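Notes follow once the structure below has been shown.
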Amino acid sequence: MKEVYLYTDGACRGNPGKGGWGAILKYGKFVRELSGGEPMTTNNRMELLGAINGLEALKEPCKVYLTSDSKYLVDGITKGWARSWKAKNWKKADGKPALNPELWDRLITLCDTHEVEFIWVKGHAGHPENERCDELATSFADSFQ
């Protein structure tokens with residue numbers, strides 16, 4: 001199984017507001033940068049879409065080391081929250097609706113396809129790929145008029 005490093009970040013100008021996501025895929029000496037966004041969104045949606053779009057870019061099942069500065073993203077998977085919300089028809093433990101269920105569902109499916117290890121890093125702390133993903137995300141968010 002190929003080992004791929006995926007770095008992701010999301011950004012939002014206002015929350016909700018203009019948003020962007022960035023992702024960097026590294027496999028051996030190959031590097032691919034991706035970005036996208038939405039004109040009216042939330043930061044958490046952009047964090048999820050960075051991971052989703054990075055994983056969807058893979059053409060075959062891989063071992064993926066996914067690095068993000070989003071506790072929402074990392075904890076949502078590693079602490080089992082998203083799978084629990086799904087099992088409870090997208091309700092949280094307090095009975096309130098889980099946010100972004102369609103994105104969490106896509107991410108869960110991708111995590112079932114790939115072997116994904118989530119790694120949290122502190123944002124804006126000099127991690128080169130995290131900083132570059134932030135540039136990709138904020139640039140895309142800023143592209144909306």
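Taken over region 76-102, the criterion of being surrounded by 13 or more Cβ atoms within 10 Å (Cβ to Cβ), assigned to a helix (DSSP H, G or I) and not hydroxyl-bearing (Ser, Thr, Tyr) is satisfied by 76, 77, 81, 82, 83, 85, 86, 101.
Per the conditions (1) within 21 Å of residue 135 (Cβ to Cβ); (2) part of a strand (DSSP E or B); (3) touching a residue at least 24 places away in the same chain (Cβ under 8 Å), the sole criterion not satisfied by residue 73 is (2). Has region 50-69 got any residue that is at positive phi, without any contact (Cβ under 8 Å) to a residue 60 or more places away in the chain and more than 16 Å from the chain's Cα centre (by Cα)? Within region 50-69, none of the residues are at positive phi, without any contact (Cβ under 8 Å) to a residue 60 or more places away in the chain and more than 16 Å from the chain's Cα centre (by Cα).
Mind checking which residues of region 20-73 are basic (Lys, Arg), within 17 Å of residue 106 (Cα to Cα) and in contact with a strand residue (DSSP E or B) (Cβ under 8 Å, 6 or more places away or on another chain)? Break it down stepwise before answering.
To start, the set of residues in region 20-73 that are basic (Lys, Arg) comprises 26, 29, 32, 45, 59, 63, 71.
Still in the list and also within 17 Å of residue 106 (Cα to Cα): 45, 59.
The one that is basic (Lys, Arg), within 17 Å of residue 106 (Cα to Cα) and in contact with a strand residue (DSSP E or B) (Cβ under 8 Å, 6 or more places away or on another chain): 45.
Could you tell me how many of the residues in region 103-145 are more than 23 Å from residue 79 (Cβ to Cβ) and not in a helix (DSSP H, G or I)? Total meeting the criteria: 5.
Scanning region 1-29 for residues that are part of a loop (DSSP other than H, G, I, E, B) and over 14 Å from residue 72 (Cβ atoms) yields 1, 2, 16, 28, 29. If you filter region 86-105 down to residues that are out of contact with any helix residue (DSSP H, G or I) (no Cβ under 7 Å at 6 or more places or on another chain) and over 20 Å from residue 16 (Cβ atoms), you find that the one that is modelled with the lowest pLDDT is 93. Residues in region 122-145 that are without any contact (Cβ under 8 Å) to a residue 60 or more places away in the chain and either of a type in the set (D, E, K, R) or surrounded by 16 or more Cβ atoms within 10 Å (Cβ to Cβ) (or both) were compared, and the one that is farthest from residue 41 (Cα to Cα) is 122. Every listed requirement among (1) farther than 20 Å from residue 43 by Cα; (2) more than 16 Å from the chain's Cα centre (by Cα) is met by residue 111 save one, (2). On inspection, residue 38 fails the criterion of being crowded, with 17+ Cβ neighbours inside 10 Å, of a type in the set (D, E, K, R) and part of a helix (DSSP H, G or I).
The values are calculated or read from the model by the stated rules, or taken from the named source; none is laboratory data. Quick caveat: nothing in here was measured; it's all calculated off a predicted structure. Methodologically, a virtual Cβ is constructed for each residue, glycine included, from the backbone with ideal geometry; neighbour enumeration extends over all protein chains shown.
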